[in-house]
Amino acid sequence: MMARFPLISVLLPTLAAAVLASASAALGQPGLPPELQVRAALDEHPLVRAAIARVQAARADDEALRVGPHEFSLTTSVIQRTVDRDGRYAEFDTALSRPIRLPGKARLDRQAGASGIEAAQNRMEDARHQAALLLADYWWDWLGASAEEQIDRQATENLERSLSSIRRRAEQRDAAPMEVDQAEAALSVARLQVQQSAGRAAIAKARLQAQFPGLVLPSAPGDLPLPELPQASLAELRRLVIERSHEVGAAKAEADRLQALADRAGRDRIADPSIGVRAFSERGGAETGLGLIATIPLGGRHRSALADRASGEAAAAAAEATAVGFDVQEMADTDVVSADTAWQAWLRSRDGAKAQVAAVLKMRKGYDLGAIDLADLLLSERQTQDMFRSEVQARTAALRAITRILIDSHSIWIGDDL
């Protein structure tokens, strides 16, 4: 008689837990790495550090805009003049001047600088957001593939024991040689699946280590947890995704900055005058002077073209900000649909695995009684393994989708209120 396949007895406790599990009231998601480690790893990601540096650059740009581009200019000359039949004279001419921003321009410069800081800060937070999504994806890739590998390895071990039993029976002429071939073929398929799932797990771990070297990874991943719907409703999380979006904040701030610069360029059609003082001495001091000087550039077509270009860029930024708002609304809707459908799909896969367990137990009983061929039993065992793998895949997809909406709504890992 063929040895029983213990795959179901090994994995049934996990399935039973999934069958009996209900939605959790916890806000967070089980199975994720420690919060403090994640936040530290995100802060050390190169894209986040680059965004932080750009915030510092925006602050420096804001300071430059506040003080303005104008500086004092000193012009001086010292000469020796020789006049026929009159002698030589020492003379000098000195002028100190500085352009002055016309009324309203300084206010627009301050607005542009402040909006630039706001845009850079929002981009920095969005960079942390994108890094968090990347970490979560690689993390669930690792845990999901490792869970599949565990199932595949257990199935392989079961088939190896069964193949040994069938070979002994064949030697005793209690089993046909074809049954040995069938068991060997099933074992080859199972070993292939082990290699594939192990490869996916190794790749996911390598990606995690490459992208987030500061995140301490265990030597082996933990068990793949059961999905838990967050305490907040999906509709509430959708609202938070839109409300807390740094993409929208960055786009609006950038549009405000370019609009302030466009208004500033419009005012620059009238150039800033330069005001200063001039002192001179001629003919060895016989003639001296001290007075005020003013220089007023006369704007032309070049300034008008620059103002038109700035106005066009501001209009484009405003349209892009609206488009970003559409994108974020689409993302929020997609997050809700993905989380709900992935959760429902996992529930269906859980029920399917339960039904498959009942079916394979009946097939085993039939094989023991001689009413079922080995090929039929192997097929049923393979279907059971595939059902468990499908449940793991559905569970991973649900965990991934729920984690994504929690990150997009700034409910975990990112956000100043955490």
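The values are calculated or read from the model by the stated rules, or taken from the named source; none is laboratory data. Because the structure is predicted, anything quoted here is derived from the model rather than measured. Because the Cβ atoms are built from the backbone with ideal geometry, glycine has one as well, and the counts that use them run over all protein chains shown.
Would you confirm whether any residue within the stretch 190-213 is closer than 17 Å to Trp142 by Cβ, not in a helix (DSSP H, G or I) and not hydrophobic (A, V, I, L, M, F, W, C)?
Yes, there is a match, as at least one residue in the stretch 190-213 is closer than 17 Å to Trp142 by Cβ, not in a helix (DSSP H, G or I) and not hydrophobic (A, V, I, L, M, F, W, C).
Evaluate the following for Glu391: is it in a helix (DSSP H, G or I), buried (at least 21 other Cβ atoms within 10 Å of the Cβ), at pLDDT below 75 and of a type outside the set (Gly, Ala, Ser)?
Against the criterion (in a helix (DSSP H, G or I), buried (at least 21 other Cβ atoms within 10 Å of the Cβ), at pLDDT below 75 and of a type outside the set (Gly, Ala, Ser)), Glu391 does not qualify.
Here are some conditions: (1) farther than 30 Å from Ile407 by Cα; (2) among the aliphatic types (A, V, I, L, M); (3) modelled with pLDDT under 50. Val83 meets all but one. Which one does it not meet?
(3)
Does any residue of the stretch 219-233 turn out to be assigned to a helix (DSSP H, G or I) and not small (Gly, Ala, Ser)?
no
Can you give me the number of residues within the stretch 176-194 that are among the polar types (S, T, N, Q) and loosely packed, with under 13 Cβ neighbours inside 10 Å?
Counting residues in the stretch 176-194 that are among the polar types (S, T, N, Q) and loosely packed, with under 13 Cβ neighbours inside 10 Å gives 1.
Is at least one residue of the stretch 197-209 under 30 Å from Leu47 (Cα atoms), surrounded by fewer than 20 Cβ atoms within 10 Å (Cβ to Cβ) and β-branched (Val, Ile, Thr)?
yes
What are the pairs with Cβ atoms under 9 angstrom where one residue, in the stretch 386-407, is farther than 22 Å from Met331 by Cα and the other, located anywhere, is of a type in the set (Asp, Glu)? Sequence gap at least six, or different chains.
From residues that are farther than 22 Å from Met331 by Cα, the pairs are Phe388/Glu148; Arg389/Glu148; Arg389/Asp152; Val392/Glu148; Gln393/Glu148.
In the stretch 102-116, what residues are of a type outside the set (Gly, Ala, Ser) and buried (at least 18 other Cβ atoms within 10 Å of the Cβ)?
Across the stretch 102-116, the qualifying residues are Leu108, Asp109, Gln111.
I'd like the residue in the stretch 266-289 that is among the polar types (S, T, N, Q) and surrounded by 15 or more Cβ atoms within 10 Å (Cβ to Cβ) and, out of all such residues, is farthest from Ala106 (Cα to Cα).
The residue in question is Ser281.
Of these, Ala232, Ala260, which one is buried (at least 18 other Cβ atoms within 10 Å of the Cβ) and closer than 30 Å to Gln130 by Cβ?
Ala260
With (1) touching a Pro at 6+ places or on another chain (Cβ under 9 Å); (2) under 30 Å from Arg98 (Cα atoms) as the list, and Glu228 as the residue in question, which single condition is left unmet?
The number of the failed condition is (2).
From the list Gly284, Gly276, pick out the single residue that is in contact (Cβ under 8 Å) with a residue 60 or more places away in the chain and part of a helix (DSSP H, G or I).
Gly284
In the set Ala90, Ala95, which member is over 26 Å from Thr295 (Cβ atoms) and outside any helix (DSSP H, G or I)?
Ala90
Here's a check for you: in the stretch 174-228, which residue that is among the polar types (S, T, N, Q) and under 28 Å from Ile405 (Cα atoms) is farthest from the chain's Cα centre (by Cα)?
Per the stated criteria, the residue is Ser197.
Would you mind finding the one in Gly222, Gly249 that is out of contact with any Pro (no Cβ under 6 Å at 6 or more places or on another chain), touching a residue at least 60 places away in the same chain (Cβ under 8 Å), surrounded by fewer than 18 Cβ atoms within 10 Å (Cβ to Cβ) and not hydrophobic (A, V, I, L, M, F, W, C)?
Gly222
For the structure I just gave you, tell me whether Leu418 is under 30 Å from Leu42 (Cα atoms), out of contact with any Asp or Glu (no Cβ under 7 Å at 6 or more places or on another chain), of a type in the set (A, V, I, L, M, F, W, C) and at pLDDT 95 or above.
In short, no.
Modelled with pLDDT of 80 or more, farther than 17 Å from Leu379 by Cα and part of a helix (DSSP H, G or I): is that true of Ala147 in this structure?
When the stated conditions are applied, Ala147 passes them.
Listed here are the residues, each with its yes/no results for (1) under 30 Å from Val78 (Cβ atoms); (2) of a type in the set (A, V, I, L, M); (3) in a helix (DSSP H, G or I); (4) modelled with pLDDT of 95 or more.
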site: Gly266; (1), (2), (3), (4): no, no, yes, no
site: Arg269; (1), (2), (3), (4): no, no, no, no
site: Asp272; (1), (2), (3), (4): yes, no, no, no
site: Gly291; (1), (2), (3), (4): yes, no, no, no
site: Ala321; (1), (2), (3), (4): no, yes, yes, yes
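Considering only the stretch 63-101, how many residues are closer than 24 Å to Ala271 by Cβ and in contact with a helix residue (DSSP H, G or I) (Cβ under 7 Å, 6 or more places away or on another chain)?
3
Looking at the stretch 177-200, which of its residues are free of Cβ contacts under 8 Å to residues at least 60 places away in the same chain and of a type in the set (A, V, I, L, M, F, W, C)?
Across the stretch 177-200, the qualifying residues are Met178, Val180, Ala185, Leu187, Leu192, Val194, Ala198.
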